[in-house]
Amino acid sequence: MKKYIQTLTTLSLMVATGVVIGQNTRFSDPDTVIKNEFWNNLYATGGTSFFCEKAFKKKGFMLQDGYIYPLSDIRTALDCGTSRQCEQDNRYRQIASDLHNMVPVKSRLEMKRQTVRYEQLDSHANSEDCGIKEQAGFFEPPERVKGDVARTMAYMVDTYGLPWLGRPPIFKDWNRQDPPDDTELSRHSKIAEVQGNENPFVTNPNRIERL
């Protein structure tokens, strides 16, 4: 009996260790991470906005840190209360500090995107100049970043136990249609170095099929 209990304990520790390795365990202060790691490290010399690929040299008032898995949905999933209340929740702070989920976006677009769900929309949906489609609370990203969105969504679902923000088959289709390109792989490599963990769905896109 004692040996059986020891075996269970060992297995539990192995599982727990696996979970820890797969998560952001280095950062848990969102504001500091956004300032020091996101803007002053990853995008210190500029870059391009995520959805519309507009080049920038530095953060301006038209640009902000955005989240592929919106923070409002993370708060809802964790049921941690208001924004201020969730800021006191260690679990929320860890998830909100995860650089794999952060992207530079146009401020106007991020405000519109906070309460939508991802979907593959029909040709009648409203389309913006950079290829974004919106319709009745649903959001379809441009073709060139659909795979990026899918792999980040899979990471957040698998790593933190969050619910899908859309139908899983849609994300799996986007992952197949838009495999990781040099831009995504380069960004992923930088984040993995800074944060200490990878997004396994970028390094092994086929993994999403098992979710």
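Touching an Asp or Glu at 6+ places or on another chain (Cβ under 9 Å), within 19 Å of residue 178 (Cα to Cα), touching a residue at least 24 places away in the same chain (Cβ under 8 Å) and of a type outside the set (A, V, I, L, M, F, W, C), is that true of residue 148? Taking the combined requirement at face value, the residue satisfies it.
Could you tell me which residue of the stretch 50-86 is surrounded by the most Cβ atoms within 10 Å (Cβ to Cβ), considering only residues that are among the small types (Gly, Ala, Ser) and either in a helix (DSSP H, G or I) or in contact with a strand residue (DSSP E or B) (Cβ under 9 Å, 6 or more places away or on another chain) (or both)? My answer is 66. Restricting attention to the stretch 27-49, the residues being of a type outside the set (A, V, I, L, M, F, W, C) and buried (at least 16 other Cβ atoms within 10 Å of the Cβ) number 6. It is to be established whether one or more residues within the stretch 137-150 are touching a Pro at 6+ places or on another chain (Cβ under 9 Å) and acidic (Asp, Glu). Looking through the stretch 137-150, at least one residue is touching a Pro at 6+ places or on another chain (Cβ under 9 Å) and acidic (Asp, Glu). Residues in the stretch 87-98 that are acidic (Asp, Glu) and either out of contact with any Phe, Trp or Tyr (no Cβ under 9 Å at 6 or more places or on another chain) or surrounded by fewer than 16 Cβ atoms within 10 Å (Cβ to Cβ) (or both): 87, 89. When the strands (runs of 3 or more DSSP E) confined to the stretch 99-211 are screened for residues that are surrounded by fewer than 21 Cβ atoms within 10 Å (Cβ to Cβ), at pLDDT below 95 and more than 14 Å from the chain's Cα centre (by Cα), those reaching at least 2 such residues are found at 133-135. Within the stretch 148-175, which residues are more than 17 Å from residue 198 (Cα to Cα) and of a type in the set (Phe, Trp, Tyr)? Correct list: 164, 171, 174. Picking from 120, 114, 135, which residue would you name as being farther than 26 Å from residue 26 by Cβ, touching a residue at least 40 places away in the same chain (Cβ under 8 Å) and touching a Leu at 6+ places or on another chain (Cβ under 9 Å)? Result of the check over 120, 114, 135: 114.
The values are calculated or read from the model by the stated rules, or taken from the named source; none is laboratory data. Values in this document were obtained by computation on a predicted structure and should not be read as measured data. With ideal geometry, Cβ positions are generated from the backbone for all residues, glycine too; neighbour counts draw on all protein chains shown.
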